[in-house]
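Engineer: Sharing a structure with you now.
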Amino acid sequence: MAQPRRIVSINPCVDAVLVEVADPQQILAVSHYSQDARATSIPLATARRFAATSGTAEEVVALRPDIVLAGAHVSPSTLAALKRLKVPVQTFTVPESVAESVAQVRAIAAAAGHPERGETLVRRIEAAIARARRIAAQEGASVPALIWQGSGLVPGENTLADELLRTAGFRNMSAAYGLKRWDVLPLEHLAARPPRVLLSDRTAGDRMTGHRVLRRLDGRILRAQFDERLLSCAGPVIVRALGRLSVVRASL
């Protein structure tokens, strides 16, 4: 397959993989979300090496890319305009498992013309999984835990977050609260039946995660920092998420 010379990504999760598998000179632009400190899944210094677009067809076409890499929620009008102008677009869904993420890494690396770099990233993900499993096995039985983010949002069963929790030696308690795949758990329900470990982002500016009701649980449960950005994307983010989960598991 000929290596695309000019690539535009209009999805921040694609960005996270692309910057690891493509040559810098191949990347014409990344998503503007990757240059937002509150949303990026890659180091800001890395993201700011590249131009950024908001994903409009006008911005993308002006860059004259050979291929556009997009997410599942790209604007239909943008897709239609790019198709009309015969700009190749490859669309990626949000991975809900490690296996789906690995397949996506390989697809993005292939689109960039560097499949071998995709395999390098896959090996890093596999090594992180193996390490997390070793730590979990050393620590013993799985620990009841809940990821509780952004106004009570909880990832439930059959999500990537659920798989990572289990890999790191935790038992996702979302089903015990009667929650669906992605659902909201009110603060009062959480406080009435708190898990052994509560993973939330107390740096995200969400008043809920720092609420006095939760502070009263200190000493009864472990409230551990877990950045919301570790939930947003897969690919190399899996490595960081498992690293953080393993640190929490080993601290118990």
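Engineer: Roughly how many Å² of E58 are accessible to a 1.4 Å probe, to the nearest 10?
Structural biologist: Solvent-accessible area, nearest 10 Å²: 140 Å².
Engineer: Tell me the trypsin sites (Lys or Arg not before Pro) within region 181-252 that lie in a loop according to DSSP and have at most 12 other beta-carbon atoms within 10 Å.
Structural biologist: Those that pass, being in a loop and sparsely packed, are R216, R220.
Engineer: To the nearest 20 debye, what is the magnitude of the charge dipole of the chain about its Cα centre, counting +1 on the Cβ of each Lys and Arg and -1 on the Cβ of each Asp and Glu?
Structural biologist: In debye, rounded to 20, the chain gives about 520.
Engineer: Additional query: First measure r as the distance between the Cβ atoms of R48 and Q25, then evaluate 1/(1 + (r/R0)^6) with R0 = 22 Å and state the FRET efficiency to the nearest 0.05.
Structural biologist: 0.85
Engineer: Sort largest first and round to whole Å: the equivalent ellipsoid semi-axes of region 19-172, each the square root of five times a Cα gyration tensor eigenvalue.
Structural biologist: Numbers: eigenvalues 223, 68, 43 Å².
Semi-axes from the Cα gyration tensor: 33, 18, 15 Å.
Engineer: I want the local charge near S142. Using Cβ-Cβ distances under 11 Å, sum +1 for each Lys or Arg and -1 for each Asp or Glu among the other residues.
Structural biologist: Spelling it out: positives minus negatives among the neighbours equals +3.
Engineer: Would you work out the charge dipole size for region 101-155 about its Cα centre, treating the Cβ of every Lys and Arg as +1 and the Cβ of every Asp and Glu as -1, and quote it to the nearest 20 debye?
Structural biologist: Roughly 100 debye for region 101-155.
Engineer: Taking the Cβ-Cβ separation of K86 and S232 as r and a Förster radius of 45 Å, what is the calculated FRET efficiency to the nearest 0.05?
Structural biologist: The formula returns an efficiency of 0.90 here.
Engineer: For the chain, what relative contact order do you get, as a whole percent, if you take Cα pairs closer than 8 Å and at least 6 residues apart? Walk me through the intermediate numbers first.
Structural biologist: Working: 436 pairs, mean separation 48.7, N = 252.
Relative contact order for the chain comes out at 19 percent.
Engineer: May I pose another question? Find, among the trypsin sites (Lys or Arg not before Pro) in region 1-45, those assigned to loop by DSSP (not H, G, I, E, B) with at most 11 other beta-carbon atoms within 10 angstrom.
Structural biologist: Here the sparse-neighbourhood loop sites are R38.
Engineer: Test of understanding: in a Gaussian network model of the chain with alpha carbons linked when under 10 Å, which of V105, V61, V154 would top the mean-square fluctuation ranking?
Structural biologist: V61
Engineer: Using a 1.4 angstrom probe with every protein chain in place, what is the largest-first accessible-area order of Y177, Y33?
Structural biologist: Y33, Y177
Engineer: What FRET efficiency comes out for A127 versus A99 if R0 is 22 angstrom and r is the Cβ-Cβ distance? Round to the nearest 0.05.
Structural biologist: That pair, A127 with A99, gives E of 0.85.
Engineer: While we're here: If we count every other residue with Cβ under 15 angstrom of R49's Cβ, Lys/Arg +1 and Asp/Glu -1, where does the sum land?
Structural biologist: Net of charged neighbours comes to -2.
The values are calculated or read from the model by the stated rules, or taken from the named source; none is laboratory data. Since this is a predicted model, take the numbers as computed values, not measurements. Note that each Cβ is placed from the backbone with ideal geometry, even for glycine, and that neighbours are counted across all protein chains shown. Accessible surface areas use protein heavy atoms only, side chains included; no ligands, DNA or RNA. Shrake-Rupley method; radii C 1.70, N 1.55, O 1.52, S 1.80 Å.
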